[in-house]
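The values are calculated or read from the model by the stated rules, or taken from the named source; none is laboratory data. Computed from a predicted model, the values in this text were never measured in an experiment. Note: ideal-geometry Cβ built from the backbone for every residue, glycine included; neighbour counts use all protein chains shown.
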Amino acid sequence: MSKVLSYKVVFEPAEEGGYTAYVPSLPGCISEGDTYREAQKNIKEAIEGWIQVSRKFGDEIPRSDVIIDTIAVAV
């Protein structure tokens, strides 16, 4: 039986178009896509690959411990 893990992902518009995506809880786990949907698909594959490699080397799989919030400032 497989376990489902959830991770917070940051999607940023890329200067040249599309999106860059990264997972703060998984160092070095980054991907991109020409569209938001493509970036979502690609980062999911990157997360799965990151976890596979970690398991292969016997490393601990971190939990998503990131807090995401919005802070409003007057300018």
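Laid out as a table, the results:
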quantity: Odd one out for Asp69 among (1) surrounded by 12 or more Cβ atoms within 10 Å (Cβ to Cβ); (2) part of a loop (DSSP other than H, G, I, E, B); (3) of a type in the set (D, E, K, R); (4) more than 10 Å from the chain's Cα centre (by Cα); calculated: (1)
quantity: Residues of segment 20-44 classified as more than 12 Å from the chain's Cα centre (by Cα) and in a strand (DSSP E or B), total; calculated: 1
quantity: Single residue of Gly33, Gly58 found to be in contact with a Gly (Cβ under 8 Å, 6 or more places away or on another chain), over 12 Å from Leu5 (Cβ atoms) and among the small types (Gly, Ala, Ser); calculated: Gly33
quantity: Cβ pairs under 7 Å, 6+ apart, first in segment 2-25 and surrounded by 14 or more Cβ atoms within 10 Å (Cβ to Cβ), second among the aromatic types (Phe, Trp, Tyr) and assigned to a loop (DSSP other than H, G, I, E, B); calculated: Val23/Tyr7; Ser25/Tyr7
quantity: Conditions (1) within 22 Å of Ile61 (Cα to Cα); (2) at pLDDT 95 or above; (3) more than 10 Å from the chain's Cα centre (by Cα): number failed by Met1; calculated: (2)
